[in-house]
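The values are calculated or read from the model by the stated rules, or taken from the named source; none is laboratory data. This one's a predicted model, so the numbers in the text were calculated from it and none came from an experiment. Please note: Cβ atoms are built from the backbone with ideal geometry, for glycine as well, and neighbour counts cover all protein chains shown.
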Amino acid sequence: MKYSEATHFKQTTSIGFRNTGLGWLSSRCLQTPPHPLACDKCVNVCPVSAIGFQNTQNGSEVKLTISDDCHGCMQCVPACPSEAIFSAEITALTSQQKVHQTLDLTCHRAATQKDGWHRLHCLRSLGGDVLAEFGANALPESVILHIPNSCHGCNAAPIESNDDWLANAHLICHLDNVAAQHAYRPPHRSLNRRELLFGRPAESLPNISFDDKAPKARRLQRQASAAQTLGTHATPRYLNLVLNHDSCLAHGVCSKVCPTDALIDDGNALTFNPSACVSCSHCVSACPEKALTASSGGNGEIVTLRQSEHATCHSCGHLFQQRITSNNDSAMLACSACQREATLMQESFHDLFH
């Protein structure tokens, strides 16, 4: 099913560099309903602040907008954790790669281009997941990135001294510093006579099935799959969640707000799957007791954050899920509602006499 044929799909193609075929799928985006989260990774990574989100007049929809300041580096593509932003250029390169052969990649700034080299507009549009997939497919050969002047003097290069993309590319690919022919320029393609008369056709965007419209940790899972072939140096960075059992009231809000089912509460246990997490941190911010803490350094294995058992509240007599801890006292079991009521009464009593 194509985007235009699915009523649940909203597609935006940028102006100014149509030949790159940049598209946006709103149903995957964490900014749009029914999962409106404050995800702004694509906005933060843009070197010219050309990308942003806008609400419609009635506030029912959110649209991704790209201004004319965009120069086409497409760093927003790998920055999107749920793959809501995509590029026809990268999709075409992925489908055309020949397995077990060396893959030479360079950008438009390269002064020379040899036969067999694939020229992208900007190599930084390739995220760690795509580079790892290219590297796994090329084995026993390798992926070589021919980077003009190591990106120095390029508008798409980071201003900060730390270059995470270059460091990650060095772990997965062979880097070759080549001469730069000119400064960075926006994508441009001359019109032929037919396009001048009938208009330039839009780039062919990839077909996505209707079942694949929800946000998922596609990039994380793609890189993890490639790391099984490449080795541990290509392993993605997983999120690590820690639960404070003393603060947790086991009401399951964190699992209900998770957009990718990385957190699952089946009534008996709360489990966390790092390979399904897009690091939106919505579970951390949504927890009323602030019992969850997120950090980097996870190993990707599914962990059980909390286990529960059925218990009877000594106050109201109703069954509830009691979290299992090392110091559970069967004589002092109370549901979360009764615990909150008791806390409010203690606070009111304290305020009355002090």
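Pairs linking a residue in segment 153-168 that is assigned by TED's automatic domain parsing to the domain that holds ALA132 to a residue that is aromatic (Phe, Trp, Tyr) and assigned to a loop (DSSP other than H, G, I, E, B), with Cβ atoms under 8 Å and 6 or more positions apart or on different chains, are CYS154/TYR184; ASN155/TYR184; ALA156/TYR184. Looking only at segment 76-95, residues that are among the hydrophobic types (A, V, I, L, M, F, W, C) and in a helix (DSSP H, G or I) come to 7 in all.
Just one of (1) touching a residue at least 40 places away in the same chain (Cβ under 8 Å); (2) over 22 Å from LYS41 (Cα atoms); (3) among the small types (Gly, Ala, Ser); (4) loosely packed, with under 15 Cβ neighbours inside 10 Å fails for GLY317. It is (1).
Scan segment 96-109 and give yes if some residue there is surrounded by 22 or more Cβ atoms within 10 Å (Cβ to Cβ), in a loop (DSSP other than H, G, I, E, B) and either at negative phi or out of contact with any helix residue (DSSP H, G or I) (no Cβ under 8 Å at 6 or more places or on another chain) (or both), otherwise no. Yes: one or more hits. Contact map, segment 287-302: residues that are within 13 Å of ASP246 (Cα to Cα) paired with residues that are exposed (fewer than 11 other Cβ atoms within 10 Å of the Cβ), Cβ distance under 9 Å, separation 6+ or inter-chain. Pairs shown: ALA291/ASP246. Only a single criterion out of (1) at positive phi; (2) in contact with a Lys or Arg (Cβ under 7 Å, 6 or more places away or on another chain) is not satisfied by GLY153, namely (2).
Only one entry in LEU103, LEU37 is hydrophobic (A, V, I, L, M, F, W, C) and modelled with pLDDT under 90, namely LEU37. Number of residues in segment 290-303 that are in contact with a strand residue (DSSP E or B) (Cβ under 7 Å, 6 or more places away or on another chain) and surrounded by fewer than 11 Cβ atoms within 10 Å (Cβ to Cβ): the value is 4.
Among the residues of segment 106-160, those identified as under 19 Å from LEU22 (Cβ atoms) and charged (D, E, K, R) are ARG119, ARG124, ASP129. Taking the criterion of being at pLDDT 85 or above and over 27 Å from CYS254 (Cβ atoms), the residues of segment 65-80 that qualify are CYS73, MET74, GLN75, CYS76, VAL77, PRO78.
Only residues that are outside any loop (DSSP other than H, G, I, E, B) and of a type in the set (Lys, Arg) were counted in segment 227-274, giving 1.
Among the residues of segment 50-59, are any in contact (Cβ under 8 Å) with a residue 40 or more places away in the chain and either crowded, with 18+ Cβ neighbours inside 10 Å or not in a strand (DSSP E or B) (or both)?
No, there is no match, as no residue in segment 50-59 is in contact (Cβ under 8 Å) with a residue 40 or more places away in the chain and either crowded, with 18+ Cβ neighbours inside 10 Å or not in a strand (DSSP E or B) (or both).
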